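Okay, structure first, notes after.
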Amino acid sequence: MGVRAIHACPGVSYGAVPTKLGAKSMPSSPDANVARCHCGSVQIYVRKLPRTLTHCNCSICRRYGALWAYYKPSSVRIEAPKGGLARYSWNRRIRNYHRCRKCGCITHYTHRKKSSWETVGVNANNFDPSLIQHARVRHLDGASSWKFLD
């Protein structure tokens with residue numbers, strides 16, 4: 001299976017070979033810290049599981065139904081088949097939202113330009129539910145005030 005390299009976010013590793021996550025930092029079990037789309041074509045490996053998740057009610061997050069976990073780009077490795085990811089950006093084009101081309105699951109977002117928000121948003125709904133069951137969920141009012149409601 002070929003892998004496409006996408007450089008939408010500096011520091012994020014895309015592909016079959018880990019470049020930013022060394023072998024020592026990878027999970028000991030292949031299923032330990034991985035988020036998968038429904039069909040399994042897109043896999044996102046992270047160094048650590050999230051302790052806090054964000055549920056946002058802005059117009060796009062509300063429609064996607066995503067639960068976001070935030071990571072430094074160097075802590076994320078994304079594997080997808082060649083041409084397996086589609087991306088969407090809207091309004092001010094601040095973020096690229098990525099989804100699996102095969103099953104349509106929103107997998108993550110990246111920032112289009114280098115900024116002070118050097119984060120990758122991983123859709124935590126793609127982790128096995130048992131891995132995130134103890135994570136705190138914060139509710140962000142992205143529809144109005146851009147403040148946390150809790």
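Would you mind finding the one in ILE132, ILE60 that is touching a Leu at 6+ places or on another chain (Cβ under 8 Å), of a type in the set (A, V, I, L, M) and in contact (Cβ under 8 Å) with a residue 24 or more places away in the chain?
Working: ILE60 fails: touching a Leu at 6+ places or on another chain (Cβ under 8 Å).
It is ILE132.
Report yes if some residue within the range 30-41 is at pLDDT below 60 and assigned to a loop (DSSP other than H, G, I, E, B); otherwise report no. Can you show your working first?
First pass over the range 30-41, keeping only residues at pLDDT below 60: 30-31.
When the remaining residues are screened for being assigned to a loop (DSSP other than H, G, I, E, B), the result is 30-31.
Yes: one or more hits.
Confirm whether GLU118 is at pLDDT below 95 and not hydrophobic (A, V, I, L, M, F, W, C).
Numbers: at pLDDT below 95: yes; not hydrophobic (A, V, I, L, M, F, W, C): yes.
Yes.
Looking for whichever is surrounded by fewer than 16 Cβ atoms within 10 Å (Cβ to Cβ) and modelled with pLDDT under 95 here; the options are ASN57, ASN91. Which one fits? Please lay out each step first, then the result.
Working: ASN57 fails: modelled with pLDDT under 95.
Result: ASN91 is the single residue among ASN57, ASN91 that is surrounded by fewer than 16 Cβ atoms within 10 Å (Cβ to Cβ) and modelled with pLDDT under 95.
Looking at ASN96 and the list (1) within 24 Å of ALA32 (Cα to Cα); (2) in contact (Cβ under 8 Å) with a residue 60 or more places away in the chain; (3) polar (S, T, N, Q), which single condition is not satisfied?
Exception for ASN96: condition (1).
As an exercise: evaluate THR110 against (1) at pLDDT 95 or above; (2) closer than 12 Å to ILE44 by Cβ and give the number of the one condition it does not meet.
(1)
Let me confirm something: among LYS114, LYS72, which residue is basic (Lys, Arg) and either in contact with a strand residue (DSSP E or B) (Cβ under 9 Å, 6 or more places away or on another chain) or free of Cβ contacts under 8 Å to residues at least 40 places away in the same chain (or both)? If you could, list the steps in order and put the result at the bottom.
Numbers: LYS114 fails: either in contact with a strand residue (DSSP E or B) (Cβ under 9 Å, 6 or more places away or on another chain) or free of Cβ contacts under 8 Å to residues at least 40 places away in the same chain (or both).
The unique qualifying residue is LYS72.
What's the number of the condition ASP128 fails, among (1) crowded, with 21+ Cβ neighbours inside 10 Å; (2) under 15 Å from CYS37 (Cβ atoms)?
(1)
The values are calculated or read from the model by the stated rules, or taken from the named source; none is laboratory data. As the structure is a computational prediction, the values presented were derived from the model and not from experiment. FYI the Cβ positions are ideal-geometry reconstructions off the backbone, even for glycines, and counts take in every protein chain you see.
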